[in-house]
1. Between G531, T389, I83, whose Cα lies farthest towards the positive end of the dipole of the chain when Lys and Arg beta carbons carry +1 and Asp and Glu beta carbons carry -1, centred on the Cα centre?
2. What size of dipole, in debye to the nearest 20, comes out for the chain about its Cα centre when the only charges are +1 on Lys and Arg C-beta atoms and -1 on Asp and Glu C-beta atoms?
3. Please work out the Cα center distance from region 260-294 to region 145-181, rounded to the nearest Å.
4. Take R503 and F456, extend 7 Å from each Cα along the Cα→Cβ direction, and tell me the distance between the two endpoints in nm.
5. What percent do you get for the relative contact order of the chain when only Cα pairs under 8 Å and 6+ apart count?
6. Based on the Cβ-Cβ distance of L93 and L284, what FRET efficiency does E = 1/(1 + (r/R0)^6) give at R0 = 45 Å, to the nearest 0.05?
7. Please state, as a whole number in µm²/s, the translational diffusion coefficient that the Stokes-Einstein equation yields for region 327-451 at 37 °C and 0.692 mPa s, with Rh defined as the Kirkwood radius across alpha carbon pairs.
8. Of the beta bridges DSSP finds with both residues in region 359-477, what % are antiparallel, to the nearest 5?
Amino acid sequence: MLAFRPALLDALRDYDAHKFGRDLGAGVTVGIVALPLAIAFAIASGVKPEAGIFTAIIAGFLISALGGSRVQIGGPAGAFIVIIYGIVARYGLANLLIATIAAGALLFAMGAARLGGFVRFIPVAVVIGFTNGIAVLIALSQVRPALGLQADNLPADFVGMLGGIWRAIGTANPYAIGIFAVSLALVVAWPKSYAPNAAAWRRWVARVPGTIVVLVLTTLFVTLAHADVETIGSKFGGIPRALPAFALPAFSWETVRLLLPPTITIALLGAIESLLCARVADELAHDRHDPNQELMAQGVANFVTPFFGGIPATGTIARTVTNIRSGAATPVAGIVHAATLLAIVLAAAPLAENVPLAALAGILAFVAYNMGEWREFARLRRFNITYRTVLLTTFFLTVVFDLTIAVEVGLALAALNFIYRMSSLTRVEHVPLSLETVSGASSRIEAHRVYGTLFFGAVGKMEGLLDPKRPQPKVMILDLYQLVNLDSTGLDALEKLHASLARNGSHLVLAGVNEQPRSIIERSGFADALGRDNLQPDLSAAVSRAKVLLAD
(Lines give C-alpha, C1' and ligand atoms only; values in the text may rest on other atoms or scores of the structure.)
Protein backbone atom coordinates (compact mmCIF):
# COMPACT_ATOMS: atom_id res chain seq x y z
CA MET A 1 0.00 0.00 0.00
CA LEU A 2 1.09 3.58 -0.71
CA ALA A 3 2.40 5.13 2.50
CA PHE A 4 2.45 8.91 1.92
CA ARG A 5 3.20 10.75 5.15
CA PRO A 6 5.37 13.88 5.02
CA ALA A 7 7.66 14.59 7.95
CA LEU A 8 5.92 17.97 8.29
CA LEU A 9 2.78 16.30 9.71
CA ASP A 10 4.69 14.75 12.61
CA ALA A 11 6.74 17.91 13.14
CA LEU A 12 3.61 20.05 13.61
CA ARG A 13 2.23 17.89 16.44
CA ASP A 14 4.14 19.70 19.16
CA TYR A 15 5.02 22.84 17.22
CA ASP A 16 5.40 26.02 19.28
CA ALA A 17 6.64 29.61 19.10
CA HIS A 18 10.18 28.64 20.08
CA LYS A 19 10.50 26.21 17.17
CA PHE A 20 8.97 28.75 14.81
CA GLY A 21 11.57 31.30 15.88
CA ARG A 22 14.34 28.83 15.08
CA ASP A 23 12.77 27.89 11.76
CA LEU A 24 12.23 31.54 10.81
CA GLY A 25 15.85 32.49 11.41
CA ALA A 26 17.18 29.43 9.63
CA GLY A 27 14.78 29.80 6.70
CA VAL A 28 15.67 33.44 6.06
CA THR A 29 19.40 32.64 6.27
CA VAL A 30 19.13 29.73 3.83
CA GLY A 31 16.96 31.81 1.48
CA ILE A 32 19.67 34.46 1.27
CA VAL A 33 22.35 31.80 0.72
CA ALA A 34 20.23 30.06 -1.93
CA LEU A 35 19.68 33.16 -4.10
CA PRO A 36 23.14 33.49 -5.71
CA LEU A 37 23.47 29.71 -6.00
CA ALA A 38 20.13 29.37 -7.78
CA ILE A 39 21.10 32.10 -10.25
CA ALA A 40 24.59 30.66 -10.79
CA PHE A 41 23.37 27.08 -11.27
CA ALA A 42 20.77 28.16 -13.81
CA ILE A 43 23.17 30.25 -15.90
CA ALA A 44 25.83 27.54 -15.82
CA SER A 45 23.18 25.05 -16.96
CA GLY A 46 22.46 27.07 -20.08
CA VAL A 47 19.06 28.43 -19.01
CA LYS A 48 17.87 31.83 -17.82
CA PRO A 49 18.64 32.85 -14.22
CA GLU A 50 14.96 33.02 -13.26
CA ALA A 51 14.63 29.31 -14.01
CA GLY A 52 16.96 28.59 -11.10
CA ILE A 53 15.13 30.99 -8.78
CA PHE A 54 11.69 29.60 -9.68
CA THR A 55 13.01 26.08 -9.08
CA ALA A 56 14.39 27.06 -5.68
CA ILE A 57 11.05 28.62 -4.72
CA ILE A 58 8.59 26.01 -6.02
CA ALA A 59 10.65 22.84 -5.64
CA GLY A 60 12.11 24.08 -2.36
CA PHE A 61 8.60 24.55 -0.96
CA LEU A 62 7.29 21.19 -2.19
CA ILE A 63 10.31 19.18 -1.01
CA SER A 64 10.13 20.69 2.47
CA ALA A 65 6.33 20.39 2.71
CA LEU A 66 6.10 16.82 1.41
CA GLY A 67 9.54 15.30 2.10
CA GLY A 68 10.65 12.65 4.53
CA SER A 69 13.39 14.74 6.18
CA ARG A 70 12.83 17.44 8.77
CA VAL A 71 15.72 19.64 7.69
CA GLN A 72 16.60 18.94 4.05
CA ILE A 73 16.53 21.90 1.64
CA GLY A 74 15.70 21.21 -2.00
CA GLY A 75 16.34 23.21 -5.14
CA PRO A 76 18.63 23.40 -8.17
CA ALA A 77 21.92 21.63 -7.53
CA GLY A 78 25.44 21.85 -8.87
CA ALA A 79 25.38 18.15 -9.74
CA PHE A 80 22.72 18.84 -12.38
CA ILE A 81 24.64 21.59 -14.19
CA VAL A 82 26.46 19.32 -16.63
CA ILE A 83 23.38 17.14 -17.17
CA ILE A 84 21.05 20.06 -17.90
CA TYR A 85 23.57 21.80 -20.13
CA GLY A 86 24.01 18.64 -22.19
CA ILE A 87 20.25 18.00 -22.48
CA VAL A 88 19.53 21.60 -23.52
CA ALA A 89 22.33 21.49 -26.10
CA ARG A 90 21.14 18.20 -27.58
CA TYR A 91 17.36 18.22 -27.14
CA GLY A 92 16.40 21.86 -26.45
CA LEU A 93 14.82 23.58 -23.43
CA ALA A 94 11.27 22.36 -24.12
CA ASN A 95 12.42 18.75 -24.10
CA LEU A 96 14.37 19.35 -20.88
CA LEU A 97 11.07 20.31 -19.25
CA ILE A 98 9.39 17.15 -20.55
CA ALA A 99 12.29 14.98 -19.40
CA THR A 100 12.12 16.59 -15.94
CA ILE A 101 8.36 15.96 -15.69
CA ALA A 102 8.88 12.31 -16.69
CA ALA A 103 11.75 12.01 -14.21
CA GLY A 104 9.46 13.38 -11.50
CA ALA A 105 6.88 10.69 -12.25
CA LEU A 106 9.64 8.06 -12.15
CA LEU A 107 10.97 9.35 -8.82
CA PHE A 108 7.48 9.26 -7.30
CA ALA A 109 7.00 5.70 -8.57
CA MET A 110 10.34 4.68 -7.03
CA GLY A 111 9.26 6.07 -3.67
CA ALA A 112 5.78 4.54 -3.89
CA ALA A 113 7.37 1.17 -4.67
CA ARG A 114 9.58 1.62 -1.58
CA LEU A 115 12.83 1.57 -3.53
CA GLY A 116 14.44 4.34 -1.48
CA GLY A 117 16.68 1.93 0.37
CA PHE A 118 18.08 0.46 -2.85
CA VAL A 119 19.90 3.69 -3.70
CA ARG A 120 22.21 2.89 -0.79
CA PHE A 121 23.40 -0.17 -2.70
CA ILE A 122 25.34 2.03 -5.12
CA PRO A 123 29.02 1.53 -4.21
CA VAL A 124 30.86 4.48 -2.71
CA ALA A 125 33.52 4.22 -5.44
CA VAL A 126 30.86 4.91 -8.09
CA VAL A 127 29.41 7.83 -6.11
CA ILE A 128 32.83 9.44 -5.55
CA GLY A 129 33.82 8.84 -9.17
CA PHE A 130 30.86 10.58 -10.75
CA THR A 131 30.73 13.32 -8.08
CA ASN A 132 34.35 14.26 -8.71
CA GLY A 133 33.77 14.04 -12.46
CA ILE A 134 30.81 16.41 -12.26
CA ALA A 135 32.88 18.81 -10.14
CA VAL A 136 35.59 18.89 -12.84
CA LEU A 137 33.00 19.59 -15.54
CA ILE A 138 31.40 22.37 -13.49
CA ALA A 139 34.80 24.01 -13.02
CA LEU A 140 35.53 23.68 -16.74
CA SER A 141 32.18 25.18 -17.66
CA GLN A 142 33.08 28.32 -15.68
CA VAL A 143 36.31 29.01 -17.58
CA ARG A 144 34.45 30.98 -20.27
CA PRO A 145 32.72 33.49 -17.91
CA ALA A 146 35.74 33.57 -15.59
CA LEU A 147 37.98 34.73 -18.45
CA GLY A 148 35.26 36.75 -20.17
CA LEU A 149 35.71 34.81 -23.41
CA GLN A 150 33.61 35.66 -26.45
CA ALA A 151 32.48 32.10 -27.11
CA ASP A 152 28.76 31.49 -26.92
CA ASN A 153 27.16 28.04 -27.31
CA LEU A 154 30.18 26.00 -26.31
CA PRO A 155 29.74 22.24 -26.91
CA ALA A 156 28.51 20.26 -23.92
CA ASP A 157 31.11 17.51 -24.17
CA PHE A 158 34.52 17.70 -22.48
CA VAL A 159 36.69 17.63 -25.61
CA GLY A 160 34.45 20.06 -27.52
CA MET A 161 34.37 22.49 -24.59
CA LEU A 162 38.16 22.43 -24.29
CA GLY A 163 38.50 23.11 -28.00
CA GLY A 164 36.04 26.01 -27.89
CA ILE A 165 37.84 27.58 -24.93
CA TRP A 166 41.21 27.22 -26.65
CA ARG A 167 39.97 28.85 -29.86
CA ALA A 168 38.52 31.81 -27.92
CA ILE A 169 41.40 32.29 -25.50
CA GLY A 170 42.51 35.43 -27.36
CA THR A 171 39.27 37.23 -26.38
CA ALA A 172 39.95 37.11 -22.62
CA ASN A 173 38.65 40.14 -20.68
CA PRO A 174 40.98 41.53 -17.93
CA TYR A 175 38.00 42.96 -15.99
CA ALA A 176 36.29 39.54 -15.94
CA ILE A 177 39.50 37.83 -14.82
CA GLY A 178 39.95 40.33 -11.98
CA ILE A 179 36.30 40.01 -10.85
CA PHE A 180 36.55 36.22 -10.91
CA ALA A 181 39.76 36.19 -8.86
CA VAL A 182 38.43 38.63 -6.25
CA SER A 183 35.09 36.79 -6.04
CA LEU A 184 36.73 33.42 -5.51
CA ALA A 185 39.09 34.85 -2.90
CA LEU A 186 36.20 36.49 -1.03
CA VAL A 187 34.07 33.35 -0.96
CA VAL A 188 37.00 31.29 0.29
CA ALA A 189 38.31 33.78 2.86
CA TRP A 190 35.07 35.28 4.18
CA PRO A 191 34.61 34.74 7.95
CA LYS A 192 32.97 31.41 8.67
CA SER A 193 32.98 31.38 12.50
CA TYR A 194 30.68 33.20 14.87
CA ALA A 195 33.12 33.64 17.77
CA PRO A 196 31.06 34.51 20.88
CA ASN A 197 33.85 36.69 22.32
CA ALA A 198 34.18 38.84 19.18
CA ALA A 199 32.71 42.33 18.90
CA ALA A 200 29.00 42.48 18.05
CA TRP A 201 29.57 44.04 14.63
CA ARG A 202 32.15 41.37 13.75
CA ARG A 203 29.73 38.58 14.71
CA TRP A 204 27.05 40.22 12.56
CA VAL A 205 29.40 40.59 9.59
CA ALA A 206 30.54 37.00 9.94
CA ARG A 207 26.94 35.82 9.63
CA VAL A 208 26.52 37.44 6.20
CA PRO A 209 27.07 34.73 3.57
CA GLY A 210 30.22 35.25 1.52
CA THR A 211 28.25 34.73 -1.69
CA ILE A 212 26.02 37.72 -0.87
CA VAL A 213 29.10 39.84 -0.13
CA VAL A 214 30.52 38.87 -3.53
CA LEU A 215 27.30 39.77 -5.37
CA VAL A 216 26.94 43.14 -3.64
CA LEU A 217 30.57 44.26 -4.03
CA THR A 218 31.03 43.10 -7.63
CA THR A 219 27.68 44.55 -8.68
CA LEU A 220 28.60 47.91 -7.13
CA PHE A 221 31.95 47.81 -8.92
CA VAL A 222 30.40 47.09 -12.31
CA THR A 223 27.73 49.76 -11.79
CA LEU A 224 30.06 52.53 -10.61
CA ALA A 225 33.07 51.73 -12.83
CA HIS A 226 30.96 50.90 -15.92
CA ALA A 227 33.19 47.87 -16.40
CA ASP A 228 32.81 46.22 -19.78
CA VAL A 229 31.90 42.72 -18.61
CA GLU A 230 29.02 40.37 -19.26
CA THR A 231 26.22 40.70 -16.70
CA ILE A 232 22.85 39.08 -16.07
CA GLY A 233 21.18 42.10 -17.70
CA SER A 234 23.35 42.12 -20.83
CA LYS A 235 23.10 38.35 -21.24
CA PHE A 236 19.51 37.61 -20.21
CA GLY A 237 17.77 40.97 -19.91
CA GLY A 238 17.38 40.79 -16.13
CA ILE A 239 15.07 38.80 -13.86
CA PRO A 240 11.26 39.24 -13.89
CA ARG A 241 9.59 40.44 -10.69
CA ALA A 242 6.87 37.79 -10.67
CA LEU A 243 6.46 34.06 -10.85
CA PRO A 244 5.71 32.68 -14.33
CA ALA A 245 2.25 31.52 -15.30
CA PHE A 246 1.41 27.83 -15.48
CA ALA A 247 2.19 26.55 -18.99
CA LEU A 248 1.95 23.12 -20.58
CA PRO A 249 5.00 22.14 -22.66
CA ALA A 250 4.35 20.46 -26.01
CA PHE A 251 3.96 16.79 -25.20
CA SER A 252 3.83 13.53 -27.13
CA TRP A 253 4.58 9.91 -26.25
CA GLU A 254 7.01 9.74 -29.14
CA THR A 255 9.00 12.58 -27.57
CA VAL A 256 8.98 10.84 -24.18
CA ARG A 257 10.41 7.70 -25.79
CA LEU A 258 13.25 9.71 -27.33
CA LEU A 259 13.92 11.37 -23.99
CA LEU A 260 14.17 8.11 -22.04
CA PRO A 261 18.00 8.32 -21.48
CA PRO A 262 17.98 11.88 -20.07
CA THR A 263 14.87 11.07 -18.03
CA ILE A 264 16.59 8.14 -16.36
CA THR A 265 19.72 10.24 -15.81
CA ILE A 266 17.76 13.02 -14.08
CA ALA A 267 15.80 10.57 -11.93
CA LEU A 268 18.86 8.52 -10.97
CA LEU A 269 21.00 11.53 -10.11
CA GLY A 270 18.13 13.20 -8.25
CA ALA A 271 17.51 10.09 -6.17
CA ILE A 272 21.19 9.61 -5.34
CA GLU A 273 21.82 13.26 -4.48
CA SER A 274 18.67 13.70 -2.38
CA LEU A 275 19.15 10.53 -0.33
CA LEU A 276 22.87 11.14 0.19
CA CYS A 277 22.04 14.65 1.34
CA ALA A 278 19.33 13.32 3.67
CA ARG A 279 21.82 10.88 5.21
CA VAL A 280 24.28 13.73 5.85
CA ALA A 281 21.43 15.72 7.41
CA ASP A 282 20.54 12.80 9.67
CA GLU A 283 24.09 12.67 11.02
CA LEU A 284 24.21 16.41 11.72
CA ALA A 285 20.67 16.76 13.09
CA HIS A 286 20.59 13.39 14.91
CA ASP A 287 17.42 12.47 13.06
CA ARG A 288 16.23 9.73 10.70
CA HIS A 289 14.57 10.44 7.36
CA ASP A 290 12.09 8.34 5.39
CA PRO A 291 13.84 7.64 2.04
CA ASN A 292 10.67 6.56 0.25
CA GLN A 293 8.75 9.67 1.32
CA GLU A 294 11.73 11.77 0.27
CA LEU A 295 11.73 10.22 -3.21
CA MET A 296 8.00 10.85 -3.57
CA ALA A 297 8.46 14.50 -2.56
CA GLN A 298 11.33 14.86 -5.04
CA GLY A 299 9.05 13.32 -7.66
CA VAL A 300 6.23 15.79 -7.00
CA ALA A 301 8.66 18.73 -7.06
CA ASN A 302 10.24 17.69 -10.36
CA PHE A 303 6.84 16.95 -11.88
CA VAL A 304 5.34 20.33 -10.95
CA THR A 305 8.26 22.75 -11.32
CA PRO A 306 8.73 22.46 -15.13
CA PHE A 307 5.16 23.70 -15.65
CA PHE A 308 6.45 27.04 -14.29
CA GLY A 309 9.68 27.03 -16.28
CA GLY A 310 11.79 25.33 -13.64
CA ILE A 311 14.67 22.87 -13.98
CA PRO A 312 15.47 19.60 -12.17
CA ALA A 313 15.72 19.82 -8.40
CA THR A 314 17.07 17.64 -5.63
CA GLY A 315 18.34 17.83 -2.06
CA THR A 316 21.27 20.21 -1.69
CA ILE A 317 23.99 19.51 0.85
CA ALA A 318 25.38 23.06 1.23
CA ARG A 319 21.98 24.64 1.88
CA THR A 320 20.86 21.75 4.09
CA VAL A 321 23.98 22.05 6.25
CA THR A 322 23.43 25.82 6.48
CA ASN A 323 19.82 25.17 7.51
CA ILE A 324 20.88 22.79 10.30
CA ARG A 325 23.66 25.03 11.59
CA SER A 326 21.28 27.99 11.60
CA GLY A 327 19.05 26.15 14.08
CA ALA A 328 16.28 24.67 11.91
CA ALA A 329 13.90 22.46 13.87
CA THR A 330 11.28 21.34 11.32
CA PRO A 331 10.44 21.45 7.58
CA VAL A 332 8.88 24.86 8.21
CA ALA A 333 12.40 26.29 7.82
CA GLY A 334 12.48 25.03 4.22
CA ILE A 335 9.10 26.61 3.56
CA VAL A 336 10.36 29.92 5.00
CA HIS A 337 13.43 29.64 2.74
CA ALA A 338 11.14 29.41 -0.31
CA ALA A 339 9.05 32.35 0.92
CA THR A 340 12.22 34.41 1.47
CA LEU A 341 13.32 33.81 -2.12
CA LEU A 342 9.88 34.78 -3.39
CA ALA A 343 9.98 38.02 -1.39
CA ILE A 344 13.43 38.86 -2.77
CA VAL A 345 12.27 38.26 -6.35
CA LEU A 346 9.17 40.40 -5.92
CA ALA A 347 11.04 43.26 -4.24
CA ALA A 348 14.59 43.31 -5.58
CA ALA A 349 14.76 41.50 -8.94
CA PRO A 350 15.90 44.62 -10.91
CA LEU A 351 19.01 44.90 -8.70
CA ALA A 352 20.37 41.70 -10.25
CA GLU A 353 20.81 43.22 -13.72
CA ASN A 354 24.40 44.34 -13.09
CA VAL A 355 25.57 41.13 -11.41
CA PRO A 356 28.67 40.09 -13.43
CA LEU A 357 28.78 36.52 -14.70
CA ALA A 358 32.46 36.36 -13.70
CA ALA A 359 31.40 36.76 -10.04
CA LEU A 360 28.98 33.85 -10.38
CA ALA A 361 31.82 31.86 -11.95
CA GLY A 362 33.89 32.46 -8.81
CA ILE A 363 31.05 31.21 -6.63
CA LEU A 364 30.60 28.09 -8.77
CA ALA A 365 34.33 27.37 -8.80
CA PHE A 366 34.16 27.27 -5.00
CA VAL A 367 31.07 25.05 -5.15
CA ALA A 368 32.84 22.66 -7.55
CA TYR A 369 35.85 22.41 -5.26
CA ASN A 370 33.70 21.65 -2.21
CA MET A 371 31.63 19.13 -4.15
CA GLY A 372 34.57 16.88 -4.99
CA GLU A 373 36.09 14.26 -2.68
CA TRP A 374 39.62 15.11 -3.81
CA ARG A 375 41.35 13.40 -0.88
CA GLU A 376 40.05 10.09 -2.20
CA PHE A 377 42.49 10.30 -5.11
CA ALA A 378 45.41 10.55 -2.70
CA ARG A 379 44.05 7.64 -0.64
CA LEU A 380 43.60 5.32 -3.64
CA ARG A 381 46.91 3.57 -3.03
CA ARG A 382 45.52 2.25 0.26
CA PHE A 383 42.71 0.37 -1.48
CA ASN A 384 42.71 -2.69 -3.72
CA ILE A 385 42.95 -2.56 -7.50
CA THR A 386 39.23 -3.16 -7.96
CA TYR A 387 38.19 -0.12 -5.90
CA ARG A 388 40.70 2.02 -7.78
CA THR A 389 39.51 0.73 -11.14
CA VAL A 390 35.83 1.40 -10.40
CA LEU A 391 36.44 4.91 -9.04
CA LEU A 392 38.84 6.04 -11.78
CA THR A 393 36.77 4.49 -14.58
CA THR A 394 33.60 6.18 -13.34
CA PHE A 395 35.47 9.48 -12.98
CA PHE A 396 37.00 9.27 -16.46
CA LEU A 397 33.74 8.29 -18.18
CA THR A 398 31.83 11.07 -16.37
CA VAL A 399 34.30 13.71 -17.52
CA VAL A 400 34.93 12.52 -21.07
CA PHE A 401 31.66 10.83 -22.04
CA ASP A 402 28.43 10.87 -20.06
CA LEU A 403 27.16 10.42 -16.50
CA THR A 404 24.71 7.68 -17.50
CA ILE A 405 27.43 5.65 -19.20
CA ALA A 406 29.75 6.26 -16.27
CA VAL A 407 27.25 5.01 -13.67
CA GLU A 408 26.25 2.01 -15.80
CA VAL A 409 29.87 0.94 -16.37
CA GLY A 410 30.80 1.67 -12.75
CA LEU A 411 27.92 -0.43 -11.44
CA ALA A 412 28.75 -3.22 -13.90
CA LEU A 413 32.39 -3.29 -12.75
CA ALA A 414 31.33 -3.23 -9.10
CA ALA A 415 28.83 -6.06 -9.73
CA LEU A 416 31.44 -8.18 -11.49
CA ASN A 417 33.84 -7.61 -8.63
CA PHE A 418 31.15 -8.59 -6.12
CA ILE A 419 30.40 -11.77 -8.06
CA TYR A 420 34.09 -12.64 -8.19
CA ARG A 421 34.62 -11.99 -4.49
CA MET A 422 31.55 -13.99 -3.49
CA SER A 423 32.52 -16.87 -5.75
CA SER A 424 36.03 -16.86 -4.25
CA LEU A 425 34.47 -17.39 -0.82
CA THR A 426 32.61 -20.46 -2.07
CA ARG A 427 34.46 -23.75 -1.93
CA VAL A 428 33.74 -27.48 -1.90
CA GLU A 429 36.00 -29.65 0.29
CA HIS A 430 36.20 -33.39 0.71
CA VAL A 431 35.37 -34.56 4.25
CA PRO A 432 37.29 -37.73 5.22
CA LEU A 433 35.16 -40.27 7.08
CA SER A 434 36.86 -42.61 9.58
CA LEU A 435 36.62 -46.36 9.04
CA GLU A 436 34.83 -46.70 12.36
CA THR A 437 32.19 -44.22 11.28
CA VAL A 438 31.30 -45.98 8.06
CA SER A 439 31.96 -49.55 9.32
CA GLY A 440 34.09 -50.68 6.38
CA ALA A 441 31.99 -48.93 3.71
CA SER A 442 34.37 -46.00 3.17
CA SER A 443 34.71 -46.68 -0.56
CA ARG A 444 30.95 -46.58 -1.01
CA ILE A 445 30.20 -43.40 1.03
CA GLU A 446 31.67 -40.05 0.16
CA ALA A 447 31.18 -36.73 1.98
CA HIS A 448 31.85 -33.14 0.91
CA ARG A 449 31.30 -29.85 2.69
CA VAL A 450 30.13 -26.71 0.80
CA TYR A 451 31.15 -23.29 2.16
CA GLY A 452 29.84 -19.81 1.30
CA THR A 453 27.07 -19.17 -1.20
CA LEU A 454 26.14 -21.42 -4.10
CA PHE A 455 24.90 -19.00 -6.77
CA PHE A 456 25.26 -18.46 -10.52
CA GLY A 457 28.78 -17.08 -10.12
CA ALA A 458 30.03 -19.99 -8.05
CA VAL A 459 28.38 -23.14 -9.46
CA GLY A 460 31.66 -23.87 -11.25
CA LYS A 461 32.93 -25.06 -7.87
CA MET A 462 30.57 -28.05 -8.27
CA GLU A 463 32.08 -29.15 -11.61
CA GLY A 464 34.35 -31.69 -9.95
CA LEU A 465 31.39 -33.50 -8.44
CA LEU A 466 29.40 -33.30 -11.70
CA ASP A 467 32.19 -34.71 -13.89
CA PRO A 468 30.67 -37.81 -15.65
CA LYS A 469 34.12 -39.46 -15.83
CA ARG A 470 34.46 -39.33 -12.07
CA PRO A 471 33.84 -42.63 -10.19
CA GLN A 472 30.58 -42.25 -8.30
CA PRO A 473 30.06 -43.56 -4.75
CA LYS A 474 26.89 -45.37 -3.76
CA VAL A 475 25.99 -42.54 -1.38
CA MET A 476 27.24 -38.94 -1.63
CA ILE A 477 26.74 -36.69 1.37
CA LEU A 478 26.82 -32.89 1.00
CA ASP A 479 27.27 -31.13 4.33
CA LEU A 480 25.61 -27.71 3.78
CA TYR A 481 25.95 -26.39 7.32
CA GLN A 482 28.42 -23.72 6.10
CA LEU A 483 26.27 -22.82 3.05
CA VAL A 484 24.46 -19.54 3.79
CA ASN A 485 22.76 -18.87 0.46
CA LEU A 486 21.47 -20.85 -2.50
CA ASP A 487 19.98 -19.40 -5.70
CA SER A 488 18.11 -21.07 -8.56
CA THR A 489 21.34 -21.78 -10.48
CA GLY A 490 22.88 -23.41 -7.41
CA LEU A 491 19.68 -25.44 -6.95
CA ASP A 492 19.95 -26.55 -10.58
CA ALA A 493 23.48 -27.81 -9.86
CA LEU A 494 22.18 -29.87 -6.92
CA GLU A 495 19.37 -31.28 -9.07
CA LYS A 496 21.87 -32.27 -11.79
CA LEU A 497 24.09 -33.93 -9.21
CA HIS A 498 21.09 -35.87 -7.85
CA ALA A 499 20.05 -36.93 -11.36
CA SER A 500 23.62 -38.03 -12.23
CA LEU A 501 23.85 -40.15 -9.10
CA ALA A 502 20.38 -41.64 -9.63
CA ARG A 503 21.29 -42.79 -13.13
CA ASN A 504 24.07 -44.89 -11.59
CA GLY A 505 21.85 -46.24 -8.84
CA SER A 506 23.45 -43.95 -6.24
CA HIS A 507 21.95 -41.58 -3.69
CA LEU A 508 22.42 -37.94 -2.59
CA VAL A 509 22.01 -36.99 1.07
CA LEU A 510 22.03 -33.37 2.25
CA ALA A 511 23.08 -32.55 5.81
CA GLY A 512 22.73 -29.43 7.97
CA VAL A 513 20.70 -27.40 5.45
CA ASN A 514 20.25 -23.80 6.69
CA GLU A 515 17.04 -21.79 6.56
CA GLN A 516 17.48 -19.98 3.21
CA PRO A 517 18.74 -23.00 1.20
CA ARG A 518 16.07 -25.20 2.80
CA SER A 519 13.37 -22.71 1.82
CA ILE A 520 14.26 -22.79 -1.87
CA ILE A 521 14.72 -26.58 -1.79
CA GLU A 522 11.24 -26.98 -0.29
CA ARG A 523 9.50 -24.45 -2.56
CA SER A 524 11.06 -25.87 -5.73
CA GLY A 525 9.88 -29.43 -5.02
CA PHE A 526 13.45 -30.74 -4.88
CA ALA A 527 12.93 -31.94 -1.30
CA ASP A 528 10.26 -34.38 -2.50
CA ALA A 529 12.32 -35.46 -5.51
CA LEU A 530 15.33 -36.09 -3.29
CA GLY A 531 13.30 -37.80 -0.60
CA ARG A 532 12.74 -36.11 2.72
CA ASP A 533 14.61 -38.87 4.54
CA ASN A 534 17.67 -37.69 2.62
CA LEU A 535 17.53 -34.28 4.32
CA GLN A 536 19.34 -34.79 7.62
CA PRO A 537 20.09 -32.31 10.42
CA ASP A 538 23.87 -32.95 10.59
CA LEU A 539 26.72 -35.00 9.15
CA SER A 540 26.43 -37.78 11.76
CA ALA A 541 22.75 -38.30 10.98
CA ALA A 542 23.54 -38.21 7.25
CA VAL A 543 26.11 -41.03 7.70
CA SER A 544 23.50 -43.06 9.55
CA ARG A 545 21.08 -42.50 6.67
CA ALA A 546 23.79 -43.55 4.19
CA LYS A 547 24.21 -46.88 6.05
CA VAL A 548 20.48 -47.50 5.74
CA LEU A 549 20.61 -46.79 2.00
CA LEU A 550 23.53 -49.22 1.59
CA ALA A 551 21.66 -51.90 3.47
CA ASP A 552 18.59 -51.64 1.21
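1. T389
2. Working: 42 positive and 36 negative charges, 157 e Å.
The dipole magnitude comes to about 760 debye.
3. 34
4. Calculated label separation equals 2.5 nm.
5. Details: 998 pairs, mean separation 126.8, N = 552.
RCO, the chain: 23 percent.
6. Working: r = 36 Å, r/R0 = 0.80.
The computed FRET efficiency comes out at 0.80.
7. On the way: Rh = 21.7 Å.
Once the numbers are plugged in, D ends up at 151 µm²/s.
8. Working: 5 of 8 bridges.
Bridges in region 359-477 are about 60 percent antiparallel.
The values are calculated or read from the model by the stated rules, or taken from the named source; none is laboratory data. Small disclaimer: the values here were computed from a predicted structure and weren't measured. Because the Cβ atoms are built from the backbone with ideal geometry, glycine has one as well, and the counts that use them run over all protein chains shown. Ligands, DNA and RNA are stripped out before the accessible areas are found, and what is left, the full protein with its side chains, is counted by its heavy atoms. Shrake-Rupley method; radii C 1.70, N 1.55, O 1.52, S 1.80 Å.
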